[in-house]
Amino acid sequence: MSQVYDISHLLAGVMLVTSFALLYQQRIAAVLNAFAAQSITLALAVAWAAWSENRPDLFITALIAFSLKGVVIPVALHRTVARLGIHREVEKVVGVGAALMVGLALTALAQALVVKIAQGPASQAREELALALAIILMGFLMMIVRRNAVTQIVGFMSMENGLILAATGARGMPLVVEISVAFSVLIALFVFAVFVFRIRERFDTIDIEALDRMRGDRR
Amino acid sequence: MIHAYQVVVAAPYVAALVLLAIPGYRIGAIANVAASGVTFAAGLWLVFGERSVGDYAIVDEFNIVFITINTLVGFTTALFSASYISHEIETGRLTPASLRFYHAMFQAMMGSMNLALVANNIGLMWVGLELATLITVVMVGLYRTPQAIEAAWKYFILASVGISLAFFGTILIYLAGQPALGEGVPAMTWSLLQAAAGRMDPAILDLAFIFLLIGYGTKVGLAPLHAWLPDAHAEGPTPISAVLSGLLLNVALYALLRFKMIVAGQPAALDPGPIMIVMGLVSLIFAAFMLYQRRDIKRLFAYSSIEHMGLMVFAFGMGGPLANFAGLLHMAMHSLTKSGIFFGVGHIAQAKGSQRIADIKGLSVTHPRLAVAFALAVFAISGLPPFGVFASEFLILTTTFAREPWLALLPAFGLLVGFGALLMRLQDTIFGEPVGPAHRVDASSVPMVLHLLLVLTAGIYLPPALVAWFRRAAELLG
């Protein structure tokens, strides 16, 4: 039994490492690759849970994570970046060093919050929750400290990866919710696509700072 | 056998599909009204129909209050929108194609909100609220101006953060319920969770409620998570502002209250009351002061919505049958009044071709009837008698005073500050030398007058049947 948890913890840990990797990349292409790596790790983690806990419905979730977030979306975003010819560099609000320190603090916070509840028989499953929470918080961090619309999208989807990991860790959670998460990613993609193009249409840039100048009250 | 709650959810979705297929925007607008009318009729049928608890849907006194308000305001907003929106085509702000999309999305949004309201499964409730949010994001960006895109982007980022936190909270609730209810669907069914609350893991429940409060609180517009709200209200089409303020904030509050009912059932878990009281008061007082600096009329009333949502969260945080009753009544009154005000703002924006308060001077000279109706609506929302908002605010303050005399000073102070700001701004718009253009107003005034009449009637005479109904709903809240 403990080997099952060892492997799922290992995969969740790899996802957390890719979360840190997302924060220190300098080029957008590298950010997209790190995100693809995280999504594929998520697919593996979900597939492992499906196999070890004998819940075949989870294979669907794994497949969606792999195909959509591991392949289709990164490729589509690579193309968008290339076609729009936007800045290839990641634009930062906060430097890499500071962002990594905050990321570390968030991970510690997630551990501290969940350790308190990680007692009793299901404690090992709940430890995975701590890793998932850390990934979610790191996704927020990325949305805050990165300025470009594409990197914010990646931050958001990385957060959703953490959510799916958490939902998988909660044993027996009905598939209804997992489908809805996959579904929400689809809608998110749709919304994002619309925005990226509209913003491009208006400003010739997808730099969020350009949008900040359009605040209504300062007209 | 079809149940009314199925119609309430399914009718708008079916209508959305049909509306996508209707090319002419005039027919689309009429179909939109018809569909909203059917949904409203189903909502009324629900009031008089039987209460039921199923695996996925629940119909009790508590959510019928919300569904009735939702379908009623949805119907009147569709009426208003039908007369309002053709003006947007004439001025070239919208194309017939985007209007077709708008009508379909309006119905899809109503359906999603109703889905969140009837869901007995906490996952399904989350899906409904998320769908409604994403649709409003697209609607806010409908005009495609740089400001609209900025507002929609900000709304999207903050709303998705809120949505994600709420989802994490939902997972935690499931985990907390697992020891008592086992794995699978039962541990996500709200009615079973509430019944088993005493056997749930209190430590996980604490953590879950914090995540749910921040997550759904973002959608309620509680300070300091409110940043999306004024922008989204100001830049979207006016009927959407009316629905956002009047309905979507309520649905988010509804979700929060459902979880409060679960957490309150476990004595070992934290007490949600004080946290909600503090968050409500902070929102109320902060928004009241922010009202003074607004230059855009839709932003002004968006901040007023934050103020009133704060007051409701405060009332529900106080808890007990009386405070809950007052909170529910205030929610109903605020929904009716605020959506009525946004209808009025829509008229004004058409008459003056601007939303800036500085451009709207001298309304009483150029549009006397509109000026009177608008002034009455602002009196109503700022809590002057004899309107219903006065009654509900008075009830909240007196019940608070009876229990915690010193605590009652804070909401009273916030309401007074907000009152001053609204009257100041009202004076700016109604009186003074008229500036700028004065166009004819095409939009129908029926919905606004109807809302005002309802609020006025409620302020003067509340039917005993209505009081009894709200009281039963308040008792469910505990």
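Of the residues making up the stretch B:117-140, just one is touching a Pro at 6+ places or on another chain (Cβ under 9 Å), farther than 16 Å from residue B:74 by Cβ and more than 10 Å from chain A (Cβ to nearest Cβ), namely B:140.
For the stretch A:130-178, a residue qualifies if it is of a type in the set (Val, Ile, Thr) and in contact with a Ser or Thr (Cβ under 8 Å, 6 or more places away or on another chain), and the qualifying residues are A:135, A:136, A:150, A:164, A:168, A:177. Per the listing B:165, B:158, B:193, the residue uniquely in contact (Cβ under 8 Å) with a residue 60 or more places away in the chain, of a type outside the set (Val, Ile, Thr) and within 20 Å of residue A:152 (Cα to Cα) is B:158.
Of everything in the stretch B:163-192 that is aromatic (Phe, Trp, Tyr) and closer than 25 Å to residue A:142 by Cβ, the residue that is surrounded by the fewest Cβ atoms within 10 Å (Cβ to Cβ) is B:168.
Of the residues in the stretch B:91-117, how many are assigned to a helix (DSSP H, G or I), over 16 Å from the mean Cα position of the chain (by Cα) and farther than 15 Å from residue B:81 by Cα? Total satisfying the criteria: 2.
Here residue B:160 qualifies as closer than 30 Å to residue B:94 by Cα, at the interface with another protein chain (Cβ under 10 Å from one of its Cβ atoms) and open to solvent by less than 30 Å² (accessible area, probe 1.4 Å). Beta carbons closer than 7 Å, at least 6 apart along the sequence or on distinct chains, pair a first residue in the stretch A:46-58 that is free of Cβ contacts under 8 Å to residues at least 40 places away in the same chain with a second that is open to solvent by 30 Å² or more (accessible area, probe 1.4 Å) and assigned to a loop (DSSP other than H, G, I, E, B) for A:50/A:56. Across the stretch B:288-297, which residue is nearest to the other protein chains (Cβ to nearest Cβ) among those that are more than 12 Å from residue B:411 (Cβ to Cβ) and part of a helix (DSSP H, G or I)? My answer is B:293.
From the list B:370, B:395, the lone residue that is open to solvent by 20 Å² or more (accessible area, probe 1.4 Å), touching a His at 6+ places or on another chain (Cβ under 6 Å) and in a helix (DSSP H, G or I) is B:370.
Comparison of B:410, B:456, B:452, B:422 shows that the only residue that is within 28 Å of residue B:278 (Cβ to Cβ), open to solvent by 20 Å² or more (accessible area, probe 1.4 Å) and at pLDDT 90 or above is B:410. Within the set B:13, B:56, the sole residue that is open to solvent by 20 Å² or more (accessible area, probe 1.4 Å), in contact (Cβ under 8 Å) with a residue 24 or more places away in the chain and under 23 Å from the mean Cα position of the chain (by Cα) turns out to be B:13.
Evaluation of residue B:144 against the conditions (1) at pLDDT below 90; (2) away from chain A (no Cβ under 11 Å); (3) under 30 Å from residue B:22 (Cα atoms) shows that the sole unmet condition is (2).
The values are calculated or read from the model by the stated rules, or taken from the named source; none is laboratory data. Here the structure is a predicted model, which is why all the values come from computation and not from measurement. As a convention, Cβ positions derive from the backbone with ideal geometry for all residues, glycine included, and neighbour counts pool all protein chains shown. Only protein heavy atoms, including side chains, enter the accessible area calculation; ligands, DNA and RNA are left aside. Shrake-Rupley method; radii C 1.70, N 1.55, O 1.52, S 1.80 Å.
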